[in-house]
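The values are calculated or read from the model by the stated rules, or taken from the named source; none is laboratory data. Computed from a prediction, not measured in an experiment: that's the story for all the values here. Because the Cβ atoms are built from the backbone with ideal geometry, glycine has one as well, and the counts that use them run over all protein chains shown. For the accessible areas, the whole protein counts, side chains as well, though only heavy atoms, and no ligand, DNA or RNA atoms are used. Shrake-Rupley method; radii C 1.70, N 1.55, O 1.52, S 1.80 Å.
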Amino acid sequence: MSAPSLDIDWNGIDSVFLDMDGTLLDLHFDNHFWLEHVPRRYGEARGLSIEEAKAELLPRYRDIEGTLNWYCVDHWSRELGLDILLLKQEIEHLIAVHPHALDFLEWLASLGKRRVLVTNAHQKTLALKLERTRLGGHFERVLTSHDLGAAKESADFWHRLRAIEAFDPERSLFVDDNLDVLRAARDYGLRWTIAILEPDSQQAPRRSADDFAAILNFSELLPEAR
């Protein structure tokens with residue numbers, strides 16, 4: 001099945017839901033943090049090489065990937081005996097906004113669209129990233145999956161979100177870099193779903209996003225691109 005086009009009827013959209021990591025923010029920070037920085041610090045604490053630390057940690061990551069605990073700072077602090085928030089602060093200079101993300105948010109505001117940030121990030125991580133970037137003031141609402149008690153990969157997330165954030169799925173657009181999350185949103189009934197092809201600026205873009213409409217960056221959604 002070919003991916004749908006980006007011919008979006010903006011007059012038919014009231015709410016725009018946006019992911020944070022990999023969508024608005026460069027996923028390089030998170031990938032470097034979990035795949036390099038945490039193994040390095042974990043190895044230093046236990047007398048392991050970084051290769052030995054990775055061999056121990058990566059299977060533990062995979063075991064709970066896509067669950068609330070995978071995204072939970074407090075869970076990993078307990079599990080690894082490390083101050084995960086402090087480790088994030090050590091490399092917070094790597095936190096970066098994707099190109100044209102702020103332009104897109106400002107354009108949505110000019111159209112009168114309701115902008116809602118929906119992220120799997122833990123509240124502590126969210127606070128760090130909003131402080132480091134200029135994203136915070138660009139949303140009518142900011143919610144994490146930890147607020148709702150369900151990861152975005154779960155159908156429960158959208159049911160619980162709608163209970164506190166009134167929206168019409170037929171008149172809503174959602175942008176995310178995680179295809180499992182996008183599938184959950186589409187299964188719930190969101191009419192407009194868009195995937196990010198280049199979540200990490202330091203890695204090659206995906207060639208496709210299965211059967212989702214997809215963009216490299218938000219310039220493709222701005223009016224001058226159409």
Residue tally, condition more than 22 Å from Leu148 (Cβ to Cβ) and hydroxyl-bearing (Ser, Thr, Tyr), over segment 36-85
3
Subset of segment 140-156 [free of Cβ contacts under 8 Å to residues at least 60 places away in the same chain and over 14 Å from the mean Cα position of the chain (by Cα)]
Glu140, Arg141, Asp147, Leu148, Ser154, Ala155, Asp156
The residue that is farthest from the chain's Cα centre (by Cα), considering only those in segment 28-49 that are more than 18 Å from Gln202 (Cβ to Cβ) and in a helix (DSSP H, G or I), is Arg46
Pairs, please: C-beta under 6 Å, at least 6 apart or cross-chain, first residue within 10 Å of Phe104 (Cβ to Cβ) and touching a residue at least 40 places away in the same chain (Cβ under 8 Å) and in segment 206-225, second acidic (Asp, Glu) and in a loop (DSSP other than H, G, I, E, B)?
none
Search segment 179-205 for residues that are within 18 Å of Met20 (Cβ to Cβ) and modelled with pLDDT of 95 or more and pair each with any residue that is open to solvent by 10 Å² or more (accessible area, probe 1.4 Å) and part of a strand (DSSP E or B) when their beta-carbon atoms are under 6 Å apart and the residues are at least 6 apart or on different chains.
Leu182/Thr193; Ala185/Thr193; Ala195/Ala214; Leu197/Ala214
Would you check which residues across segment 134-167 are of a type in the set (Asp, Glu) and either at pLDDT below 95 or farther than 12 Å from Phe17 by Cα (or both) and list them?
Asp147, Glu153, Asp156
Somewhere in segment 14-27, is a residue more than 16 Å from Ile194 (Cα to Cα) and either without any contact (Cβ under 8 Å) to a residue 12 or more places away in the chain or out of contact with any Asp or Glu (no Cβ under 8 Å at 6 or more places or on another chain) (or both)?
no
